[in-house]
1. Just name the residue that is surrounded by the most Cβ atoms within 10 Å (Cβ to Cβ) out of those in segment 195-211 that are out of contact with any Lys or Arg (no Cβ under 6 Å at 6 or more places or on another chain), of a type outside the set (A, V, I, L, M) and more than 22 Å from His63 (Cβ to Cβ).
2. Hey, among Phe6, Phe20, which residue is within 17 Å of Val246 (Cβ to Cβ) and surrounded by fewer than 18 Cβ atoms within 10 Å (Cβ to Cβ)?
3. When the residues of segment 251-262 are filtered to those that are free of Cβ contacts under 8 Å to residues at least 60 places away in the same chain and surrounded by 10 or more Cβ atoms within 10 Å (Cβ to Cβ), which remaining residue is farthest from Leu217 (Cα to Cα)?
4. How many residues does segment 233-252 contain that are closer than 19 Å to Glu213 by Cβ and in contact with a strand residue (DSSP E or B) (Cβ under 7 Å, 6 or more places away or on another chain)?
5. Can you name the residue in segment 47-71 that is assigned to a loop (DSSP other than H, G, I, E, B) and of a type in the set (A, V, I, L, M, F, W, C) and, of all such residues, is farthest from Gly10 (Cα to Cα)?
Amino acid sequence: MIEITFLGSGGGRFITITQFRSTGGFHIAASRNLYVDPGPGALIRSWRYKLDPRKLDAIFVSHRHVDHCNDLEIMVEAMTGGALKRRGSLIASKSVVYGDETHTPAISKYHLNVLESVHIPEPGSKIPVGEEELLITPCQHSDPTTIGFRMKTKLGDISYIPDTAYFEGLKGWHDGARVLIAAITRPRDMGIPYHLSTDDAVELLKSMEKKPEVLVLNHIGMKMHFANPYKEAKYIENVTGVKTYVAKEGFKVIVDKKEIAVRTLRPARFV
């Protein structure tokens, strides 16, 4: 069994600064524990949903934008027992580790030095994470080093498409995955450069020879938020036949051999 728990589903600067939707990224529990895109709130919401960040084995960061990497260093400190044990892996885009023309690195040399391994892969690279394997996938975003992944597992593949424009060949990297998690930032007829919209999601799914069993809309922007993402999800489902969910804080996807189930967790109460 594989469990994917969302610690937030928001994205973009205005959702991030208002926290109308939380922005903590998501956690995958398979043979190892992988945290994906630890944006603002990743640490506190991990504890809120009883996902001990000290038990992480790896962290994946798609790119340097703050809504994807804000909590990276503190999650590394948790994974390494307060930076006292050299353990865990970071799998990240080049901009996260080295910065770029407009951004400083998202992680210090101090934090890099307490990790057991650091991977800065190109699309097509394969990174083992326990019994699973991440096939690194390309994106076309304003941060040109942005990467996604397709996680190969014994229970089928789990794909993650972070911020990207729709481009020729995108489907080839994710066709046949059982679960597709995609950053669908904008609703119908409101697309913007470097991001996917509802229209793009429909085009992508229609182009696939083997569609996913489940699509999860993630990284909801302000326009999508107020347009009603659940209405957009229903439209995608009706047009493509793919069961479509909207991620939110505490939303869990449970992947088993025969079926994919979902549930919403209640946050833990702190004394």
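Values in this text are rule-based calculations from the coordinates and carry no lab data. Here the structure is a predicted model, which is why all the values come from computation and not from measurement. Using ideal geometry, Cβ is built from the backbone for each residue, glycine included, and neighbour counts are taken over all protein chains shown.
1. Across segment 195-211, the extreme among qualifying residues is Lys211.
2. On the way: Phe6 fails: surrounded by fewer than 18 Cβ atoms within 10 Å (Cβ to Cβ).
The unique qualifying residue is Phe20.
3. Within segment 251-262, the match that is farthest from Leu217 (Cα to Cα) is Ala261.
4. Going through segment 233-252 one residue at a time, the tally reaches 11.
5. Step one: list which residues in segment 47-71 are assigned to a loop (DSSP other than H, G, I, E, B), which gives 49-52, 56-57, 62-65, 70-71.
Among the residues that remain, those that are also of a type in the set (A, V, I, L, M, F, W, C) are: 51, 56.
Details: Leu51: 19, Leu56: 22 Å.
Top of the filtered list is Leu56.
Rundown of residues vs (1) outside any loop (DSSP other than H, G, I, E, B); (2) surrounded by fewer than 15 Cβ atoms within 10 Å (Cβ to Cβ); (3) in contact with a strand residue (DSSP E or B) (Cβ under 6 Å, 6 or more places away or on another chain), yes/no style:
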site: Asp100; (1), (2), (3): no, no, no
site: Leu115; (1), (2), (3): no, no, yes
site: Leu135; (1), (2), (3): yes, no, yes
site: Gly156; (1), (2), (3): no, no, no
site: Asp163; (1), (2), (3): no, no, yes
